[in-house]
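Written below as structure tokens is the structure these notes are about.
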Amino acid sequence: QKEVEQNSGPLSVPEGAIASLNCTYSDRGSQSFFWYRQYSGKSPELIMFIYSNGDKEDGRFTAQLNKASQYVSLLIRDSQPSDSATYLCAVGNSNYQLIWGAGTKLIIKP
Amino acid sequence: GAVVSQHPSRVICKSGTSVKIECRSLDFQATTMFWYRQFPKQSLMLMATSNEGSKATYEQGVEKDKFLINHASLTLSTLTVTSAHPEDSSFYICSASPLNTNLNIQYFGAGTRLSVL
């Protein structure tokens, strides 16, 4: 079983709709959770991090964490074509490393 | 804030030459820096974890004599690909974790695209 799992997609969402990206992790002791965005040919860019159960909002982005279910999600409201990218979920481990999901490719259709 | 500079952005070299890639945290001190490699349409692969003043910790399957890492200060780490061969062609990305944070947060450089002829 992979430590951090994401659906590879592509996930196709109409412009203006809500895009919902999901991630599950296996290490119940994990404390920190991250969402990165990676455009094709570019390096990852941090969007949000969360470490407490519940929701955390930043502009059009909301991260949701449920430690009991070992589940992290990212919601993107009012999706724009510029949001089209691969979204990487990462979970911090005790060695200060990030364990990465394989990423979900998101396509926002105009 | 939290800017990581990585140079060069692109390198084309002949087989057998060595290539040095620099990674600098510009506006923060980094406890730890990480080096990743990414092949087309694949996920990030951690190569090594580097702490200032100590030897890097390499992931399984990564040759330490092939990929030399030097972390001379809290703002600079370098990766040298020695005797590069075509199979070393890839996208190399560094990241840095700020000092005094326990959230595993990493900020990434722009990456270096290495092409070995």
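Restricting things to alpha carbons, find the Rg to Rh ratio for region A:1-41 using the Kirkwood radius for Rh. Kindly include the intermediate steps, with their values, before the conclusion.
Numbers: Rg = 13.1 Å, Rh = 12.8 Å.
Radius of gyration over Kirkwood radius for region A:1-41 works out to 1.02.
From the residues B:Ala2, B:Trp35, B:Ser15, which one has its Cα farthest along the dipole of region B:1-82 in the positive direction, the dipole being from +1 and -1 charges on Cβ of Lys/Arg and Asp/Glu about the Cα centre?
B:Ser15
Rg to Rh for region B:53-117: what is it, with Cα atoms only and Rh by Kirkwood?
0.99
Can you classify region B:24-80 as rounded, prolate or oblate using the Cα gyration tensor, where a ≥ b ≥ c are the square roots of its eigenvalues, rounded means a/c under 1.5, and otherwise it's prolate if a/b beats b/c and oblate if not? Walk me through the numbers before you get to the answer.
On the way: a/c = 2.35, a/b = 1.42, b/c = 1.65.
Oblate is the answer for region B:24-80, as a/c is 1.5 or above yet b/c matches or exceeds a/b.
With a cut-off of 19 Å, note down the residues of region A:64-89 whose backbone N falls inside the zone around a label point 7 Å from the Cα of A:Asp27 toward its beta carbon.
Residues A:65-73, A:88-89 qualify, since their backbone N sits under 19 Å from the label point.
Compute the accessible area per residue over the protein assembly as shown, keeping the other protein chains in place, probe 1.4 Å, unit Å². All intermediate terms of the calculation are to be shown ahead of the outcome.
On the way: 11170 Å² over 227 residues.
Accessible area per residue, the protein assembly as shown: 49 Å².
Can you pull the accessible area of A:Arg77 for me, 1.4 Å probe, Å² to the nearest 10?
Roll a 1.4 Å probe over it and A:Arg77 shows about 70 Å².
At 1.4 Å probe size, what's the solvent-accessible area of A:Lys105? Round to the nearest 10 Å².
Accessible area of A:Lys105: about 100 Å².
Using a 1.4 Å probe and counting only protein heavy atoms, arrange A:Met48, B:Met45 so the residue with the most accessible area comes first. Spell out each step's value before the answer.
Numbers: A:Met48 10, B:Met45 75 Å².
The ordering from most to least exposed comes out as B:Met45, A:Met48.
Using the Cα gyration tensor of chain B, with a ≥ b ≥ c the square roots of its eigenvalues, what is the shape: rounded (a/c below 1.5), prolate (a/b larger than b/c) or oblate (neither)? Walk me through the intermediate numbers first.
Working: a/c = 1.76, a/b = 1.63, b/c = 1.08.
Verdict is prolate for chain B.
I'd like the isolated cysteines in the protein assembly as shown, meaning no second cysteine's beta-carbon lies under 4.7 angstrom from theirs.
Cysteines lacking a close Cβ partner in the protein assembly as shown: B:Cys13.
Net charge within 10 Å of A:Ala63 by Cβ-Cβ distance, Lys/Arg positive one each and Asp/Glu negative one each, not counting A:Ala63 itself?
Values: positive: A:Lys56; negative: A:Asp55, A:Glu57, A:Asp58.
With Lys, Arg at +1 and Asp, Glu at -1, the net is -2.
If A:Tyr96, B:Tyr107, A:Tyr71, A:Tyr25 are ordered by their accessible area, calculated over protein heavy atoms with a 1.4 Å probe, which sequence runs from highest to lowest?
On the way: A:Tyr96 125, B:Tyr107 55, A:Tyr71 85, A:Tyr25 15 Å².
The ranking, largest first, comes out as A:Tyr96, A:Tyr71, B:Tyr107, A:Tyr25.
Grab the other residues whose beta carbon is less than 13 angstrom from that of B:Ile21, score K and R as +1, D and E as -1, and report the net. All intermediate terms of the calculation are to be shown ahead of the outcome.
Values: positive: B:Arg10, B:Lys20, B:Arg24, B:Arg37, B:Arg113; negative: B:Glu22, B:Asp88.
So the environment of B:Ile21 carries a net charge of +3.
Relative contact order, percent, of chain B when contacts are C-alpha pairs under 8 Å separated by at least 6 residues?
Details: 300 pairs, mean separation 43.0, N = 117.
Computed value for chain B: 37 percent relative contact order.
Please give the residues from region B:69-105 for which the solvent-accessible area of heavy atoms, probe 1.4 Å, is smaller by at least 50 Å² with all protein chains in place than with the chain isolated.
Output list: B:Leu103, B:Asn104, B:Ile105.
Give me the percent of Cα-Cα pairs in the protein assembly as shown that sit more than 29 Å apart, rounded to a whole number.
That tail contains 28 percent of the Cα-Cα pairs.
Nearest 100 Å², what total accessible surface is buried between chain A and chain B (probe 1.4 Å)?
Working: alone 6220 and 6500 Å², together 11170 Å².
Buried: approximately 1500 Å² between B and A.
What ranking of A:Glu15, B:Glu63 comes out by heavy-atom accessible area, probe 1.4 Å, highest first? Kindly include the intermediate steps, with their values, before the conclusion.
On the way: A:Glu15 90, B:Glu63 115 Å².
My answer, sorted largest first, is B:Glu63, A:Glu15.
Using the charge dipole of chain B (Lys, Arg: +1 at Cβ; Asp, Glu: -1 at Cβ; taken about the Cα centre), state which of B:Thr49, B:Phe91, B:Ser115 has its Cα farthest towards the positive end.
Among B:Thr49, B:Phe91, B:Ser115, the one farthest towards the positive end of the dipole of chain B is B:Ser115.
The values are calculated or read from the model by the stated rules, or taken from the named source; none is laboratory data. Keep in mind it's a predicted model, so treat the numbers as computed, not measured. All Cβ positions, even for glycine, are placed from backbone atoms using ideal geometry, and neighbour counts span all protein chains on display. Side chains are part of the model used for accessible areas, which takes the heavy atoms of the whole protein and leaves out ligands, DNA and RNA. Shrake-Rupley method; radii C 1.70, N 1.55, O 1.52, S 1.80 Å.
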